[in-house]
């Protein structure tokens, strides 16, 4: 738990200025496209969670399922509990935490119940 807390403390400059950074990146992409004479489209993919519960849950689920499928069950359980803390009434974080504690990812582990909540579904 201590490692995770020191790794993702939140509240830093990049956390609090996420929207500003995305706007700057979008402007940079548009300027580069104009210089090259092409239509350049910036599609933001947030790499840090926002301050709202849904964003924090999606972030923790994404990293938790990545950890789970990499065999890092304790890290997956921590992220599952963090996702559950962000939205305790949602089953998704609880499911990740339980799966990480009770099962090991095997061949084809992307199928079944975790496929609904895996890394590709974190934004839903």
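Readers should treat all values here as calculations from the given coordinates under stated rules, not as data from a laboratory. Please read these numbers as outputs of a predicted model, since none were measured by experiment. Ideal geometry is used to build each Cβ from the backbone, glycine not excepted, and the neighbour counts take in all protein chains shown.
Summary of computed values
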item: Cβ-based exposure ranking for 69, 60, in which fewest neighbours within 10 Å come first; result: 69, 60
item: Residue 41 paired with residue 19, simple spin-label distance in nm, labels 7 Å along Cα-to-beta-carbon; result: 2.4
item: Cα-projected label distance for residue 48 with residue 91, points at 7 Å along beta-carbon direction, nm; result: 3.4
item: Ranked 89, 65, 94, criterion: other C-beta atoms within 10 Å, fewest first; result: 89, 94, 65
item: Contour excess over end-to-end distance, with Cα ends at residue 27 and residue 66 and 0.36 nm allotted per residue; result: 10.9 nm
